[in-house]
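Here's the structure, in structure tokens; my notes come after.
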Amino acid sequence: GYQALTATYNQNQNGYLLIIPKGTYSGNGLNELLVFNVSNTGISLLNSNPLNFRINYYGQVKVSNSITSPKICISNQLKSLNNESYVTKIYNFNRANGTISSNHLLEINKSIISCEFSTDDNLLYASMDIVGNRNPNDYRLVVFDINNQILGYRVLTNNPITGNLQRAIDGNIYFTN
């Protein structure tokens with residue numbers, strides 16, 4: 001199983017989009033991002049986005065809050081089909097037709113297990129394995145300023161954070177450990 005399943009509201013906020021990576025970890029890996037429209041009339045495929053990378057089974061997909069210029073974060077991508085180096089990228093996302101842009105807005109060359117956008121979409125919080133060796137003592141909660149990439153990331157806590165991040169209805173971001 002993969003952790004990258006996510007849901008968000010659609011462009012008109014009268015239904016939802018269910019986003020699922022398609023493929024297997026062996027061979028070509030995950031090579032499509034399927035976007036389904038979920039409404040009171042049922043579920044239908046809205047778009048199939050071909051990908052030129054695999055998503056590691058530890059990866060995650062998150063969509064930002066914005067209606068006018070939403071972003072999508074795909075964490076723990078393998079840099080290419082034959083590369084075992086991890087990267088996380090943020091793309092523009094179209095809520096109306098379910099497409100992701102071909103060019104990324106931000107590339108993070110780190111192993112990110114879980115990510116979440118701030119309420120204003122300017123920050124990306126991440127549960128990151130700093131060393132990349134899956135040692136629980138190396139996991140940290142960090143934040144990236146999407147609009148000022150030169151800053152890199154800032155460590156928010158030195159306590160190991162190994163769980164998923166989730167923004168709740170109250171705007172706060174919670175994590176499991």
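Restricting attention to region 29-43, does a residue exist that is at pLDDT 90 or above and small (G, A, S)? There is at least one residue in region 29-43 that is at pLDDT 90 or above and small (G, A, S).
Of everything in region 81-99 that is open to solvent by less than 30 Å² (accessible area, probe 1.4 Å) and part of a strand (DSSP E or B), the residue that is modelled with the highest pLDDT is F93.
Conditions (1) at pLDDT 90 or above; (2) open to solvent by 40 Å² or more (accessible area, probe 1.4 Å); (3) basic (K, R), marked per residue:
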{"site": "I130", "(1), (2), (3)": "no, yes, no"}
{"site": "I146", "(1), (2), (3)": "no, no, no"}
{"site": "N158", "(1), (2), (3)": "no, yes, no"}
{"site": "D170", "(1), (2), (3)": "yes, yes, no"}
{"site": "Y174", "(1), (2), (3)": "no, yes, no"}
{"site": "N177", "(1), (2), (3)": "no, yes, no"}
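The values are calculated or read from the model by the stated rules, or taken from the named source; none is laboratory data. Worth saying up front: this structure is predicted, and the values here are computed from it rather than measured. Note: areas computed on protein heavy atoms with side chains; ligands, DNA, RNA excluded. Shrake-Rupley method; radii C 1.70, N 1.55, O 1.52, S 1.80 Å.
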